[in-house]
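Read-outs: derived from the displayed coordinates by stated rules, not from any lab. As the structure is a prediction and not an experimental result, all values here were calculated from the model. Using ideal geometry, Cβ is built from the backbone for each residue, glycine included, and neighbour counts are taken over all protein chains shown.
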Amino acid sequence: MLLEIEDLDVAFKNDEGAVNIAAADVNLKLDRGEILGIVGESGSGKSSVSMSVARLLPCPPAFYPKGRILLDGADILTMPVAELRKIRGKKIGVIFQDPMGSLSPLHRIGDQLVETILLHEKMAKKSAAAMALEWLGKVGIPDPAVRSRAYPHELSGGMQQRVMIAMGLMLGPDLIIADEPTTALDVTIQAQVLKLIKSLHQSNSGVLLITHDLGVVSQMATKIAVMKDGRVVETSGNPQAFFENPSHPYSRGLVREAKRMELDVGDDNPPQHGWQA
Ligand SMILES: Nc1ncnc2c1ncn2[C@@H]1O[C@H](COP(=O)(O)OP(=O)(O)OP(=O)(O)O)[C@@H](O)[C@H]1O
Ligand SMILES: [Mg+2]
């Protein structure tokens, strides 16, 4: 099994010492080739869990009262920091909601990609540069050779997002964590970016896809987990069956609301634009 989250609690302690349990008793499994969609309302603990998988929550204030997060059998939560650094990027690729949070404003995007490649792969700088350009092309950035010299702020939000996706996927990670990867983008670009993640994620990798958008989940996920108030209230290995007949009352509400929205908006607006954001 690629990823096993076992009886995980994620908690935060504030300055006064008060403890807020962000996620409790979470059990989730993800294998290679699967896309696990985690849905649930804001504050339900989706990011607390997914960030923990890459151990990206600052501790403190975060801490782990109990549980394990096993990546290929090795517990992320007890792993030495040096080992964690090695697996982030290489074994775990992370795509966040906010690209500026993970791109450095001070360096050209091409250089940032090259640096990440060289951190993990033994290759000549020239080959790394070629690989960076290739990936900028793959994520649909026009004129990669020119754009690679841009600083993040010189790119549109959609283009920044694509750079981050290249960063998250280029080393061929076994596990891809995408937390609201498209929320900041407009609807037509969203669809393109999701397609991109789906097509670029290698069939031997697993994807943890966090979103409050059930439409996205229905198009992408091979299995689903619904979170509410820090707990997983329903899991399904069959998205189609889930959408037809969710079992938990909260999931039923979510699905009903998503279907109502779909009726309101209509689904017959195919993307108008090309790859350009
Ligand atoms: N750094 C933090 N310090 C204290 N509490 C936090 C911190 N980050 C998250 N929390 C709390 O953890 C709980 C779960 O938040 P989390 O961000 O995991 O939810 P989410 O499902 O990702 O929500 P959203 O859909 O808005 O992204 C919330 O009660 C939140 O206030
Ligand atoms: Mg979140």
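Please report Rg (one decimal) and Dmax (integer) in Å for the Cα set of the chain.
Rg and Dmax of the chain, Cα atoms, are 18.9, 56 Å.
Please give the FRET efficiency for Asn245 paired with Arg149, using the beta carbon to beta carbon distance and R0 = 35 Å, rounded to the nearest 0.05.
The formula returns an efficiency of 0.10 here.
Going by C-beta contacts inside 10 Å, put Thr78, Thr235 in order with the fewest on the left.
Thr78, Thr235
When DSSP assigns beta bridges and you keep just the ones with both residues in the chain, what percent turn out antiparallel, to the nearest 5?
55 percent
Taking 0.36 nm per residue of separation and subtracting the Cα-Cα distance, what length does fully extending Lys86 through Leu70 add?
4.2 nm
For the range 1-158, what is the relative contact order in percent, using Cα pairs closer than 8 Å and at least 6 residues apart in sequence?
With pairs under 8 Å counted, the relative contact order is 21 percent.
Pairs to check: Lys90/Lys125; Lys86/Lys122; Lys122/Lys195; Lys90/Lys198; Lys90/Lys126. Give those whose C-alpha atoms are more than 21 Å from each other in this structure.
Lys122/Lys195
About the Cα centre of the range 120-174, how large is the charge dipole given +1 on each Lys and Arg Cβ and -1 on each Asp and Glu Cβ? Please answer in debye to the nearest 20.
Here the size comes out at about 160 debye.
Run the quick spin-label model on Asp98 and Asp25: label points 7 Å from Cα toward the beta carbon, then report their separation in nm to one decimal.
A separation of 3.3 nm, rounded to one decimal place.
Run through all the Cα pairs of the range 61-148 and give the fraction in each 5 Å bin from 0, expressed as whole percent.
Result returned by the calculation: 3, 11, 17, 20, 19, 11, 9, 6, 3, 0.
At most 14 other Cβ atoms within 10 Å plus a DSSP loop assignment makes a site exposed; report the longest stretch of the chain without any exposed trypsin sites (Lys or Arg not before Pro).
150-277
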